[in-house]
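Taken together, the values in this text are just the output of simple stated rules run on the coordinates, not laboratory data. Since we're looking at a predicted model, the values are computed, not measured. Cβ placement follows ideal geometry from the backbone for every residue including glycine, while neighbour counts extend to all protein chains displayed.
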Amino acid sequence: MKSVPKKNTAHKKLPVVCKITLFFAVIGIIAGCVTGHLLKENLYSPLITIYNETINNIPGLDIDKSDIFLLAVKRNVKLFIFLYLFSLTNLWTYYYCAFSLYTGFTNGLLLAFNIILHGIPGIVRFLCYLCPQVLVFIPVYLAIIAHCDKLHNEFILCVSDYPYENTYSYSPKQKKGKLALQQFPFIVLCLVLIAAGSFIEAHLNLPLVIWYMGHLV
């Protein structure tokens, strides 16, 4: 009997760098929640009035969705550029871990803030602020970090004395030029996905928040 070849499931596994990213993000969320509750008197009390007034006035505000879109694009493109730049340095590992930890921490503070003000329903409020654009941005940033981690390793080979892709005749400058050209399709794809996530944030998240605030019991 012929043996049935095993299916290659390697591509289905989450890269280690993505697991590390999610781990530090979760640690950041926990740290943010703990910090928020420990400092709720000093940190949140002065902001409660401003927060409640802003939230209550959202349904009546005339907010330009194009401004929200442009702000979201600008914010996410800046994060994308910094991830790419740091992937070309020896600080890459520290940067993406710090990026994940900081992102989780800020969201943990927001989660704690909503729970302090509204109890368990505050979790729903927190999710309302993030959805549905988070369903786009989480996989996009995981893909970016995984790609940048691979780029980091390839760039290190480019500037080292080791051969890159068996191209012994290429100079370090030629190797880096070839590697730079290989990034173009991925960069274009990421910019398109960032624009899509930003569009969702402006045109779906904002109406969702306004609807939710108008239907609170």
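Data for the structure
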{"item": "Contour minus Cα-Cα distance for I27 and W211 (0.36 nm per residue)", "result": "63.1 nm"}
{"item": "Most to least packed among 24-36, 120-132 [average Cβ atoms within 10 Å]", "result": "24-36, 120-132"}
{"item": "Karplus-derived 3J(HN,Hα), 6.51/-1.76/1.60, for each residue of the range 69-86, Hz, glycine and proline x", "result": "4, 5, 5, 5, 4, 4, 5, 6, 5, 5, 4, 4, 5, 5, 4, 5, 5, 6"}
{"item": "Label-point separation in nm, L14 to V124, each point 7 Å along Cα→Cβ", "result": "2.8 nm"}
{"item": "Cross-link pairs beyond the 23 Å C-alpha cut-off, checked among K40/K74; K19/K150; K78/K150; K19/K178", "result": "K40/K74; K19/K178"}
{"item": "³J(HN,Hα) computed for each position of the range 115-122 - Karplus, 6.51 cos²θ - 1.76 cosθ + 1.60, integer Hz, glycine/proline x", "result": "5, 4, 7, 10, x, 4, x, x"}
{"item": "Potential lengthening between D64 and Q182 on full extension [0.36 nm per residue; Cα-Cα distance subtracted]", "result": "38.7 nm"}
